[in-house]
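These notes concern the structure reproduced below.
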Amino acid sequence: MKIKSNIAVSDSGFIFNPDTGESFTVNPLGASIISYIKEGKSVKDITGELRQVYEIDVNTLEKDTEDFLGLLKNFSLLTDA
Amino acid sequence: MEKQRYERPLIKRMENDMPNKFGMKPENFPKSKIDGVKVSDLIAEHGSPLFVISESTIRNTYRKAKKAFATRYPKVQFAWSYKTNYLDAVCSIYHQEGSWAEVVSGFEYQKAINNGVNGKRIIFNGPDKTEADLEMAIKNGSLIHIDHLDELYTIINLTEKIEQKPRVAIRVNMDTGIYPMWDRFGFNYENGQAWDALNKIMASGKMELMGLHCHIGTFMLSAKAYGVAATKLSDLALGIKAKYGHEIKYIDLGGGFPSKNTLKGSYLPGRDVNPGFDDFAEEISSALLKANFAPDSLPLLILETGRALIDDAGYLLGTVISNKRSSAGKRTTIIDVGVNILFTSYWYDHKVSPAQEFTQFSETTTLYGPLCMNIDVVRDNALLPLLNKGDHFVIHHVGAYNMTQWMQFITLRPKVVMIDPEGKVHVIRDSETMETFSRQESKPEHLKKFEL
Ligand SMILES: Cc1ncc(COP(=O)(O)O)c(C=O)c1O
């Protein structure tokens, strides 16, 4: 699971993909997940970290995280490699 | 360390095309309280979903409407349209404010009587009045608005056996320049049916012709149409005065004013574009004042406004069941409010507000109800903050027609509570239970046993 190397997330949650010219916005939780992926963390690590910070049950968090990763793939921002 | 409120992760592609209505700012602020009472407390106490009615909003809206007309025309009377919301508590607020009752069936008529309305203050509309209904209405001195000739003849026959003289009006349909024209109720103005019926009433000598009535449509976005209707009914009234020397006591223009809801497919929100009471009052009053009535014999103006008086006072509270994604990747949200209790979701893009704080992030989602039916869509493409499972929300402007046209379908109908001006919560209709149904049903003896 890898975020493409030329993709950067700004502090305000703005993402630009130079390969396609598309831009995106993410909310703070989305931005944190992307930065955890860049650090090489697994989905389990990520949800573990987030549960320290947010008031949320593990099932919902896992479901929402998987859904978010699906969208990143869909937008060609995330690769499985 | 205290944990933060969770908001699920969100990513959105930024579109460069023209701004459209889905790209507009979310239509929302959190709605965490209704008349000072917390939504979370209401749901904890009374369950979800839950209809909530604001007594203060009913009274304020009524007074605003009354004022719009009374400041422009000297004789105005409202008659509460029972079919719009006939919960006894709701009707009684209107009666306390001075509204008569407008009913369209024997059932509604009986409800008005049970609410303590004087029979003389009941307007009886509708195409289906049974002989028994008519007999009761004649004896009580109610205002019977005749819909068709068969009804007229039934009333004439009834006068053979009833002493009281029926007090009647006719319902008139007409071209007011709007499409579609409602011509299935009453007698047509343009082709002479209305005159024909009036001549029959006057010639019979058996009835007291009190007024003229029309109801030209519902959720009417043209105030002008009411000016046309008022002019046409005035013309009939003046014609009767000229021909028979008989004075018509009232002109009843029915209901039909829009609430602040947004019609499906409308580009702009209803609260910004729908005409208000002042617009209608201006058109109607000037048409009546311009007609050639003698200053001391102006007819009473009756209004049977429904929707516009009650819609904004009704809220429907609910809870998020789940967030999903469609096969095409679209966000969808399942809520515990279905079209069976929110009939008006076929008409309107109802405004939906989360009941708790949220961030500026939002997402376009389709709100599905809980029914296991494809038609159960409460909002298509609503731009909403990110709702989590278990979050509460408030659907606005649901006071009209939902609590009368709701269906018991798949689930039981929920409670209705009313918040009084002191902030006290009253249950005005209890939720249905299994007993509600076992009381209505019966099972033949031979079906009582089986083995599986
Ligand atoms: C005869 C009559 N009067 C009044 C009304 C109330 O109409 P609205 O809710 O559009 O004001 C109706 C509604 O259908 C009606 O049929």
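The values are calculated or read from the model by the stated rules, or taken from the named source; none is laboratory data. No experiment lies behind these values; they were computed from the predicted model shown. Positions of Cβ are backbone-derived with ideal geometry, glycine not excepted, and every protein chain shown enters the neighbour counts. These accessible areas exclude ligands, DNA and RNA; they are computed on the full protein's heavy atoms, side chains included. Shrake-Rupley method; radii C 1.70, N 1.55, O 1.52, S 1.80 Å.
Work out, in µm²/s and without decimals, the Stokes-Einstein translational diffusion coefficient of the protein assembly as shown at 10 °C, 1.306 mPa s, Rh from Kirkwood over C-alpha pairs. Please list the in-between numbers first.
Values: Rh = 26.7 Å.
Diffusion coefficient, whole number: 60 µm²/s.
Might you report the magnitude of the Cβ-based charge dipole of the range A:2-76 about its Cα centre, with Lys and Arg at +1 and Asp and Glu at -1, to the nearest 20 debye?
Details: 8 positive and 12 negative charges, 55 e Å.
Dipole magnitude for the range A:2-76 comes out near 260 debye.
Can you list residues whose amide H is under 5 Å from B:Ser266's amide H, if they're 5+ apart or on another chain and H is modeled 1.01 Å from N?
For B:Ser266, whose amide H was placed from the backbone, there are no distant partners under 5 Å.
Just counting partner chain Cβ atoms within 10 Å, what average do the residues of peptide B:414-423 show around their Cβ? Intermediate results must be reported in sequence, preceding the final value.
Values: counts 0, 0, 0, 0, 0, 0, 0, 0, 0, 0.
Average per residue, whole number: 0.
Take the range B:1-144, drop everything but the C-alpha atoms, weight them equally and run the Debye formula without solvent; then report log10 I(q)/I(0) at 0.11, 0.12, 0.14, 0.21 Å⁻¹ to two decimals.
The Debye formula, applied to the Cα set alone, gives -0.68, -0.74, -0.86, -1.25.
Just the number, please: carbon plus sulfur as a percent of the accessible area of the protein assembly as shown, 1.4 Å probe, no ligands or DNA/RNA counted.
Numbers: 12850 of 25130 Å².
That share works out to 51 percent.
To the nearest 500 deg cm²/dmol, what mean residue ellipticity at 222 nm is calculated for chain B from DSSP H runs of n ≥ 4 alone, each contributing -39,500 (n - 2.57), summed and divided by the residues? Intermediate results must be reported in sequence, preceding the final value.
Details: 13 runs with 129 residues, N = 452.
That comes out to -8500 deg cm²/dmol.
Take peptide A:20-28, look around each residue's Cβ out to 10 angstrom, count Cβ atoms belonging to other protein chains, and average those counts. Don't jump to the answer; show the numbers that get you there.
Numbers: counts 0, 1, 4, 5, 4, 6, 5, 12, 6.
Mean shielding count: 5.
Mind jotting down the distance between the C-alpha centroids of the range B:352-376 and the range A:11-32, whole Å?
Cα centroid to Cα centroid, the span is 25 Å.
Quick one: accessible area per residue over the protein assembly as shown, 1.4 Å probe, rounded to a whole number of Å²? Intermediate values should be presented prior to the final figure.
Numbers: 25130 Å² over 533 residues.
Heavy-atom SASA per residue in the protein assembly as shown reads 47 Å².
What is the magnitude of the charge dipole of the range B:55-309 about its Cα centre, with +1 placed on the Cβ of each Lys and Arg, -1 on the Cβ of each Asp and Glu, and no other charges, expressed in debye to the nearest 20? Let's see the in-between values first.
Working: 30 positive and 29 negative charges, 130 e Å.
My answer is approximately 620 debye.
Between the DSSP loop rule and a limit of at most 10 other Cβ atoms within 10 Å, which chymotrypsin sites (Phe, Trp or Tyr not before Pro) in the range B:219-291 are left? It would help to have the intermediate numbers written out before the result.
Details: sites: B:Phe219, B:Tyr226, B:Tyr244, B:Tyr250, B:Tyr267, B:Phe277, B:Phe280; in loops: B:Phe219, B:Tyr267.
Filter output for the range B:219-291: B:Tyr267.
Calculate how many DSSP beta bridges within the protein assembly as shown are antiparallel, expressed in % of all such bridges and rounded to the nearest 5. Write down the numbers at each step before the final one.
Working: 41 of 78 bridges.
About 55 percent, rounded to the nearest 5.
Per-residue HN-Hα couplings for the range B:187-201, Karplus 6.51 cos²θ - 1.76 cosθ + 1.60 at θ = phi - 60°, whole Hz, x for Gly and Pro?
My calculation for the range B:187-201 gives 10, 6, 6, 5, 8, x, 4, 5, 4, 4, 5, 4, 4, 5, 5 Hz in order.
Where the convex hull is taken over the Cα atoms of the range B:196-289, what is its projected area averaged over directions, in nm²?
Working: hull surface 28.4 nm².
That works out to 7.1 nm², a quarter of the Cα hull's surface.
Please compute, for peptide A:64-77, the average count of beta-carbon atoms on other protein chains lying within 10 Å of each residue's beta-carbon.
On the way: counts 9, 2, 0, 8, 4, 1, 2, 8, 2, 0, 3, 3, 0, 1.
Average per residue, whole number: 3.
Taking the highest mean first, how do the peptides B:422-428, B:78-84 order by number of other beta carbon atoms within 10 angstrom per residue?
Working: B:422-428: 13.1, B:78-84: 25.9.
Ranking, from highest mean packing down: B:78-84, B:422-428.
Would you calculate the separation in nanometres between label points at B:His446 and B:Glu190, each defined as 7 Å from the Cα along the Cα-to-beta-carbon direction?
5.9 nm
Run through the range B:265-363 and list the trypsin sites (Lys or Arg not before Pro) located in a DSSP loop whose Cβ has at most 15 other Cβ atoms within 10 Å.
Values: sites: B:Arg271, B:Lys290, B:Arg307, B:Lys324, B:Arg325, B:Lys330, B:Arg331, B:Lys351; in loops: B:Lys330, B:Lys351.
Filter output for the range B:265-363: B:Lys330.
Which value, in square angstrom to the nearest 100, describes the accessible area buried between chains B and A on both sides, using a 1.4 angstrom probe?
Chains B and A together bury roughly 2200 Å² of accessible area.
How long, wide and thick is chain A, going by the Cα atoms along their three principal axes, in whole angstroms, largest first?
On the principal axes, chain A reaches 37, 28, 20 Å in Cα extent.
In the range A:15-81, with Lys and Arg counted as +1 and Asp and Glu as -1 at Cβ, which of these residues, A:Val53, A:Leu69, A:Ser42, has the Cα nearest the positive end of the dipole, that is, farthest along it?
A:Ser42
Hey, if you put +1 on the Cβ of every Lys and Arg and -1 on every Asp and Glu Cβ in the protein assembly as shown, which of B:Met14, A:Ala8, B:Thr319 ends up farthest toward the positive end of that dipole?
B:Met14
Hey, what D do you get for chain B in µm²/s if you plug the Kirkwood alpha-carbon radius into Stokes-Einstein at 20 °C and 1.002 mPa s? Write down the numbers at each step before the final one.
Numbers: Rh = 24.2 Å.
Translational diffusion coefficient: 88 µm²/s.
Quick check for me: using +1 on Lys/Arg Cβ and -1 on Asp/Glu Cβ, what's the dipole size of the range B:214-347 about its Cα centre, in debye to the nearest 20? Show your work: numbers first, answer last.
Details: 14 positive and 13 negative charges, 150 e Å.
Its charge dipole is roughly 720 debye.
May I ask you to give the average projected area over all directions of the convex hull of the Cα atoms of the range B:55-309, in nm² rounded to one decimal? Walk me through the numbers before you get to the answer.
On the way: hull surface 53.6 nm².
Over every viewing direction, the Cα hull of the range B:55-309 projects on average to 13.4 nm².
Using DSSP to call loops (not H, G, I, E or B), can you name the GluC sites (Glu not before Pro) in the range A:3-81 whose Cβ has at most 12 other Cβ atoms within 10 angstrom? Intermediate results must be reported in sequence, preceding the final value.
Values: sites: A:Glu22, A:Glu39, A:Glu49, A:Glu55, A:Glu62, A:Glu66; in loops: A:Glu39.
When the GluC sites (Glu not before Pro) of the range A:3-81 are filtered for loop state and at most 12 Cβ neighbours within 10 Å, A:Glu39 remain.
Can you list the HN-Hα couplings for the range B:169-183, worked out from phi with the Karplus curve (6.51, -1.76, 1.60; θ = phi - 60°), rounded to whole Hz and with x for Gly and Pro?
Calculated HN-Hα couplings, in order: 9, 10, 8, 10, 10, 6, 8, 10, x, 10, 10, x, 7, 7, 10 Hz.
Taking Cα atoms, how many degrees apart are the long axis of helix B:224-244 and the longest axis of chain B, rounded to 10 and kept between 0 and 90?
Value to nearest ten degrees: 20.
With a cut-off of 8 Å between alpha carbons and a minimum separation of six or more residues, what is the relative contact order of the range A:2-76 in percent? Please list the in-between numbers first.
Numbers: 44 pairs, mean separation 14.8, N = 75.
It rounds to 20 percent for the range A:2-76.
Give me the one-decimal nm value for the distance between modelled label points at B:Ala242 and B:Glu131, 7 Å along each residue's Cα-to-Cβ direction.
4.0 nm
Taking every DSSP beta bridge with both residues inside chain B, roughly what % is antiparallel (nearest 5)?
Details: 30 of 65 bridges.
Just about 45 percent of them are antiparallel.
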